[in-house]
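Q: Following this message is one structure expressed as C-alpha cells.
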Ligand SMILES: C[S@@+](CC[C@H](N)C(=O)[O-])C[C@H]1O[C@@H](n2cnc3c(N)ncnc32)[C@H](O)[C@@H]1O
C-alpha cells in the first residue's frame with residue numbers, strides 16, 4: 001500500500017449543509033455512520049457533541065486515530081458496518097441519539113489504495129471496503145453466470161452494452177486482468193459502437209461491481225432502519241448519497257417513514273452542492289443531501 005496516499009486530506013462534501021440540519025448541541029449524542037476522513041465527526045466533536053463514529057474499513061479508523069489527537073470518551077471510533085448501527089449503539093450505551101449522519105460511498109483515498117476502485121489502477125479487481133467481506137469483485141464475476149452478470153449491469157447500472165460487457169468481464173477475470181486493463185476493455189466496447197459518454201465508459205460497470213461486493217443497498221436499508229430506531233424524538237437523520245440507486249432508496253425510505261408518521265421530511269427536494277463546491281471538489285458533483293426529523297411517539 002502506498003502510504004503517501006494519506007498525505008493529502010479527504011475533502012468533505014456538503015459539510016455545512018449537513019451541520020445545518022444536524023444542528024449539534026454540546027453534550028448531545030451524534031452518530032457518524034461513515035467516518036472516512038473524519039471531517040464530519042470532528043466538526044460535531046468541536047461543537048461539544050458526544051460522537052460515535054463508525055467505518056467498515058479499519059484503515060479509516062487507524063488514520064483518524066493518527067490524524068486527530070482527540071479521540072477519547074467524548075469521541076469514540078469503532079470499526080463496524082453501519083447495517084449494525086442499532087446494535088453498536090446499544091452495546092456502546094450510546095442511545096437515544098440527537099442525530100445520525102451517513103455520507104455514503106468512498107473517500108478519495110480508496111481510489112489509490114490498490115483495491116481496484118479506480119480506472120487507472122494497475123491493481124487486482126478487489127473492491128472490498130472491509131476485510132470481513134468474503135468475495136472480491138473478481139470472485140463475484142467468476143462465480144456468476146453470464147445471464148446474472150448481464151442482469152446486474154442492466155438493472156443496477158442501466159448499462160446499455162450489458163451483454164457485451166458481461167462477456168468481456170468473464171474473459172478478463174479468467175485472464176487475471178488488472179482494474180485499468182478492464183476499464184480499457186470496456187472503453188474499447190464503447191469505441192466499437194462509436195459511443196463516447198461524458199464520464200469514463202467503465203463508470204457504470206465499476207459502480208455495479210462495487211455495489212455488489214459491498215452489499216451497499218442492503219446495508220443502507222438496514223442502516224437507515226437502525227438509525228430511526230436509535231434516534232430520540234426530535235432527532236435528525238441526514239444522508240448524503242452519490243448515485244441514483246442510493247438516493248432513490250433514501251427518498252423512498254423517508255417517504256414511507258413519513259406516511260407511517262415516524263419521520264418528518266425536512267428536504268422536499270434533495271439539496272445539491274453549489275457550483276463553487278463542485279469546482280473546488282469534483283467528487284461533490286453527484287452528491288445529494290436529504291434530511292428528516294423523528295416524530296414524537
Ligand atoms: C464519503 S466517505 C465519508 C467522508 C466523511 N464524511 C468525511 O468527513 O471525511 C464514506 C466512508 O464510508 C465508509 N463506509 C462505506 N460503507 C460503509 C458501511 N456499510 N458501514 C460503515 N462504513 C461504511 C467508507 O469506508 C468511507 O470511509
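Q: Taking 0.36 nm per residue of separation and subtracting the Cα-Cα distance, what length does fully extending residue 25 through residue 11 add?
A: Values: separation 14, 0.36 × 14 = 5.04 nm, distance 2.39 nm.
Roughly 2.7 nm would be gained on extension.
Q: Could you work out how far helix 58-67 tilts from the main Cα principal axis of the chain, as a 0 to 90 degree angle to the nearest 10?
A: Taking the Cα atoms of the chain, the angle to 58-67 is about 60 degrees.
Q: Same structure, new question: Just the Cα atoms of the chain, one point each, no solvent: what log10 I(q)/I(0) does Debye give at q = 0.07, 0.12, 0.13, 0.14 Å⁻¹?
A: Cα-only, vacuum Debye calculation for the chain: -0.28, -0.80, -0.93, -1.06.
Q: Separate question: Taking 37 °C and 0.692 mPa s as the conditions, I'd like the Stokes-Einstein D for region 175-224 in µm²/s, using the Kirkwood hydrodynamic radius from alpha carbon pairs.
A: Working: Rh = 12.5 Å.
So the translational diffusion coefficient is about 263 µm²/s.
Q: From the C-alpha gyration tensor of region 134-213, pull out the three semi-axes of the equivalent ellipsoid (sqrt of 5λ each), sorted largest to smallest, in whole Å.
A: On the way: eigenvalues 69, 37, 26 Å².
Working from the Cα gyration tensor, I get semi-axes of 19, 14, 12 Å.
Q: Among 169, 14, 266, which comes first, second and so on when ranked by fewest other beta-carbon atoms within 10 Å? Please report the intermediate quantities before stating the final value.
A: Working: 169 27, 14 23, 266 16.
Going from least to most buried by this count: 266, 14, 169.
Q: Continuing with the same structure: Which of 279, 264, 204 has the fewest other C-beta atoms within 10 Å, and how do the rest follow up to the most? Don't jump to the answer; show the numbers that get you there.
A: On the way: 279 11, 264 14, 204 23.
So the residues, fewest neighbours to most, are 279, 264, 204.
Q: Stretched out fully, how many nm does the piece from residue 67 to residue 147 gain, at 0.36 nm a residue minus the Cα gap? Present the calculation step by step, with values, prior to reporting the outcome.
A: Working: separation 80, 0.36 × 80 = 28.80 nm, distance 4.58 nm.
Length gained between residue 67 and residue 147: 24.2 nm.
Q: Right, next: Report, please, the projected area of region 87-132 averaged over directions, based on the convex hull of its C-alpha atoms, in nm².
A: Working: hull surface 18.9 nm².
That works out to 4.7 nm².
Q: Something else: Roughly how tilted is helix 203-213, in degrees to the nearest 10 and between 0 and 90, from the longest Cα axis of the chain?
A: 60
Q: Pull up the DSSP beta bridges for the chain and report the antiparallel fraction as a percent, rounded to 5. Show your work: numbers first, answer last.
A: Values: 11 of 29 bridges.
The antiparallel proportion sits near 40 percent.
Q: Would you mind pulling out the separation of the Cα centroids of region 218-273 and region 88-143, in Å?
A: 20
Q: Would you calculate a helix-derived [θ] at 222 nm for the chain, using -39,500 (n - 2.57) for each DSSP H run of n ≥ 4 and dividing by the full residue count, to the nearest 500? Working shown, then result.
A: Working: 12 runs with 125 residues, N = 297.
-12500 deg cm²/dmol, from helical runs alone.
Q: Please determine, in degrees from 0 to 90 and to the nearest 10, the orientation of helix 179-192 with respect to the longest principal axis defined by the Cα atoms of the chain, where the helix direction is its Cα long axis.
A: On a 0 to 90 degree scale, this one is about 60.
Q: Could you identify which residue out of 22, 220, 146 has the top mean-square fluctuation in a GNM of the chain using Cα springs shorter than 10 Å?
A: So, out of 22, 220, 146, the one fluctuating most is 146.
Q: If you don't mind, another one. Sort 205-215, 82-92 for me by packing, meaning the mean count of neighbouring Cβ atoms within 10 Å per residue, highest on top.
A: Top to bottom by mean Cβ count within 10 Å: 205-215, 82-92.
A short reminder: the numbers here are calculations on the coordinates, not readings from a lab. Everything numeric here is computed off the predicted structure, so don't read it as measured data. Here Cβ is always computed from backbone atoms with ideal geometry, including for glycine, and neighbour counts include all displayed protein chains.
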